[in-house]
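Some notes on the structure that comes next.
Read-outs: derived from the displayed coordinates by stated rules, not from any lab. Since the structure is predicted, the reported quantities are computational estimates derived from the model, not experimental observations. Every residue, glycine as well, gets a Cβ built from its backbone with ideal geometry; the counts of neighbours run over all protein chains shown.
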Amino acid sequence: MTHPLEIEKVIKAPIQKVWKALTEKDEMKHWYFTLPDFKPEPGFEFRFKGGKDPAHQYTHVCKVIEVSSEKKLSYSWTYDGYNGYTVVTFQFSEEGENTKVKLTHEGLETFPEDVSDFARENFEHGWNYIIGKSLKEYLEK
């Protein structure tokens, strides 16, 4: 059992704007992935392709687990054709006029060890980029 990956970032934007960026597909495409559809509703399943480069693309299969408006969003994160089950959780808290976003990714140790793209350090790099750069820059522009 490994420790969950946790990343916290403060974004200079109100919590409502941050929540909208994480739950509306037309907003998500600007900083995350382009999804055919997304609904912040437990049981909603979504898929998308992504990877470090065009030669290493994986179909992500995710299912919304828990939603608490402007407080928490959790979904499963698996890969089509590969073993492993993880959970991604975003938690939000107001810090004055800013919003603290805490991302927790649990279960990374369940992914196949022989697929280097699924290594913990790749998730650390990816999530730090997505939350600390892509989302932050999108919302703070």
Legend entry - Whole-number Å³ per residue for the convex hull built on Cα positions in region 1-54: 161
Inset, instruction - Return the aspartates and glutamates within reach of K39: Cα separation strictly under 18 angstrom, same-chain partners fewer than 8 residues apart disregarded; answer none if there are no such residues. - result: E24, D26, E27, E66, E70
Legend entry - Evaluated at q = 0.10, 0.13, 0.14 Å⁻¹: base-10 log I(q)/I(0), Debye formula over Cα of the chain: -0.32, -0.55, -0.64
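Taking only the alpha-carbon atoms of region 76-115, what semi-axes of the equivalent ellipsoid follow from 5 times the gyration tensor eigenvalues under a square root, in whole Å, largest first?
On the way: eigenvalues 184, 14, 9 Å².
Over the Cα atoms of region 76-115, the semi-axes work out to 30, 8, 7 Å.
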Inset, instruction - Would you grab the residues whose amide H sits under 5 Å from the one on F44? Only those 5+ places off in sequence or on another chain, please, with H modelled 1.01 Å from N. - result: V64
Legend entry - Angle in degrees between helix 120-129 and the longest Cα principal axis of the chain, rounded to the nearest 10: 30
Inset, instruction - Note down the net charge around E24, summing +1 for each Lys or Arg and -1 for each Asp or Glu among other residues with Cβ under 14 Å from its Cβ. - result: 0
Inset, instruction - Using a 10 Å Cβ count of at most 11 others and DSSP loop calls, identify the longest part of the chain lacking such GluC sites (Glu not before Pro). - result: 1-96
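Which entries in K49/K71; K49/K141; K100/K136; K63/K141 show an alpha-carbon gap greater than 20 Å? Let's see the in-between values first.
On the way: K49/K71 27 Å; K49/K141 27 Å; K100/K136 11 Å; K63/K141 30 Å.
Beyond 20 Å between Cα atoms: K49/K71; K49/K141; K63/K141.
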